[in-house]
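Each remark here refers to the structure printed beneath this line.
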Amino acid sequence: MIKFIYALLISLIIPSVLFAGGEIVVSPSLTTVKVFLKGAELSHAAKVKLEKGMNEVVFTGLASKIVANSINISGKGDAVIMSVVQRLDYLRPPEKNQQIKTLEDSLETLNKIFSQNQNEIDVLKAETDLLMANKSIGGSEKGVSVQELQKMAEYYSKRFAEIKSRMLELSLNAKKIQKDIERVKNQLNEENRQINKTTNEVVIAVLSKAGGTAELNLSYLINDSGWLPSYDIRVDRVNSPANLSSKADVWQQSGLNWKEVEIILSTRNPSLNNNQPEISPWFIDFYRPPVYREMKAIAEKSAPMASFEAYGAKQDAGTEEAKTMADYFDINSKQLSVEFKPQIKYSIPSDGKPHYVALQEFSVPADYEYYTAPKLDNNAFLLARLTDWAGYNLLAGQSNIYFENSYIGQSYLNPATSEETLIISLGRDQNITVSRESLKDFTEDKLLSSDVERTFAFEIKVKNNKKAAVKVSIEDQVPISKNKDIVVKLIESSGAVYDSESGKLKWLVDVEAGKAVIKKLAYSVRHPKGKTIQGL
C-alpha cells in the first residue's frame, strides 16, 4: 500500500515542471461514477512505471470543473506520495479520440473524390476547347464533300452531347460531395471544440525507493451532473399485481464522455452543509417605542455596522441555493441515503441532456375499484391502489401509466406525501355509465319569517354494462357554511359516509353485471332574506 506523507491541494495555475526530472503523463481510465441528485464523484485508475527516486506523474484528460478540496489519491506499490497539486494546462495538445480520427479519414477521402471529380470536369472542358478550335475542316482551296460534312456534323453533335451530359452529372456529384464535406467538417469542428478545452490535470509527486510499476487511483467531485428518478407503472389486467419499473434520467457536463463505465446513483447531495444547527438564546422583552432623539442617536452610532450587516444579509440571500429534491433527501443520517447500482455499464455523453438508466423492476400488490364524482364528471375511473411499496426506496418523480399494453398518461409519484396506499388512475371505463339528475319535486325555496330556506335534491345513478360485478366509490358534497347566519342541513344521504369538516359524502357500492345502483342526496341552505349566497 502506498504511504501518504501529505497532500497539497492547490487550484491555481502553477509551472508545468515541479522537479528536475521529466513528467510522466498518463490519461487514467474512468472506472466508476457515483452520481448524486446534484453532482457526481468520478474515479480514475492507471498503472504507472516509476523510476527510482522522485517522479512527477501527471493525470491529464480529467473533468473540466473539479471541486479542488475533494481530490483524493490512493494506490498500491512500494512508493510514497509526497504531494498532490491540481493545475490547468492550456498548451498540452489534446489526444484525438477514435471519432475524430474517423472523421478526419472521411474528410480526406471526400476531398480526394472531389478532386478526382473536378479533374474529370477539367479534362472534358479541355476536350470541348479542342473540338471548338478544330471545327474547320478542309483547306481554303479544297472543299468538303457532303458525305464528309455529314460525318463531321454527326461526330460533333454526338460528342458534344456526351460531354455536356457527363459534365452535368459531374457538376451534380460535386455539389453532393461538397455537402458531405461540409457536414463532416462541422461535426469535426464540434468534436475538436469539445477536446480543445483547458485541460484539468492533477500532478502527483511520487517517491519510489526502487522503481517499478505502481497503481494510482484518483477520485474527485464535480457539480455539473445529477439525476432525476422516473417510473413506468404497468397493469396487464384487473386483479393482477402492478409492475413498477424505476429508472433515472442522468445528465452531465463534465467535459468527459462517460463510456461504458460503472454508474452508481446515490440520493446524497455532498454540496450541502453537514454541520448540525445550533439554537441561540431567545430573548423577549416588553416593547418600548423609541422617541425621536433615541432613534437618531442609535442610528448615528450604529450606522457603519448597520450598513455592513445589510450588505452581509444581501450577500447571504443572493448566494443561498433554492430548495430542490436533493435538499429533501440529503439528511445527516446515513439511513436516508440510498445508492442504486445498475448491473450493466452505461455510456453518458457530456451534452447536458437526460439519458435513460434502468434501476430496478418489481411487482407491487394492487387492489382495484372504480371511482366517480358525478358532480364534476359523469365517468367512472378505474383506480389501482398499490400497497407494500414503501420498502423499495422510491423517490418523488414523474411516472408513465400503462394499462393493458396501452399508454394511459402521466402521474406524479410522491412518497413524501402519499399514505400507505398509492392510488393510480388507469383511465375512464365507458362500460359504466353515471348520471346525476336534479329532483325537481324536492327542490324548492321556502320563506320562513325573516329567512329563506332553499332545498336541493339529486339522484345519482350508476349503471354497470360490463359482464362482471364491479365495486364503485361514489363521491359528492354539500356546501360548508363560513357564516353563523347560513345554516346547511343534510336531509338525505342514502347511507353515505359524511365528513362534516370537508362536506364530502362517500358511497362504496357493489354493482352487479347489467344492474344499476341509485343513491339520493338532499340538503337545505337557510339564510336571511335579501342576502345573496356566493358559491351556491
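The values are calculated or read from the model by the stated rules, or taken from the named source; none is laboratory data. Just so you know, these numbers come straight off a predicted model, no measurement behind them. FYI the Cβ positions are ideal-geometry reconstructions off the backbone, even for glycines, and counts take in every protein chain you see.
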Of the conditions (1) closer than 30 Å to GLU23 by Cβ; (2) in contact with a Leu (Cβ under 6 Å, 6 or more places away or on another chain), the single one that TRP227 does not satisfy is (1)
Checked against (1) at pLDDT below 85; (2) in a strand (DSSP E or B), LEU207 satisfies every condition except (1)
Name the residues in the stretch 341-355 that are over 12 Å from the mean Cα position of the chain (by Cα) and in a strand (DSSP E or B), would you?
TYR346, SER347, ILE348
On the basis of being surrounded by fewer than 14 Cβ atoms within 10 Å (Cβ to Cβ), touching a residue at least 12 places away in the same chain (Cβ under 8 Å) and outside any loop (DSSP other than H, G, I, E, B), does ASP510 make the cut?
yes
Please list, ordered by first then second residue, the pairs with beta carbon atoms under 6 Å, 6 or more apart or interchain, first in the stretch 87-105 and outside any loop (DSSP other than H, G, I, E, B), second of a type in the set (Ser, Thr, Tyr) and modelled with pLDDT under 75.
LEU88/THR198; ASP89/THR199
Residue among GLN477, GLN534 that alone is over 22 Å from ARG436 (Cα atoms), under 45 Å from the mean Cα position of the chain (by Cα) and of a type outside the set (D, E, K, R)
GLN534
Out of (1) among the aliphatic types (A, V, I, L, M); (2) at pLDDT below 85; (3) under 34 Å from the mean Cα position of the chain (by Cα), what's the single condition that is false for VAL184?
(2)
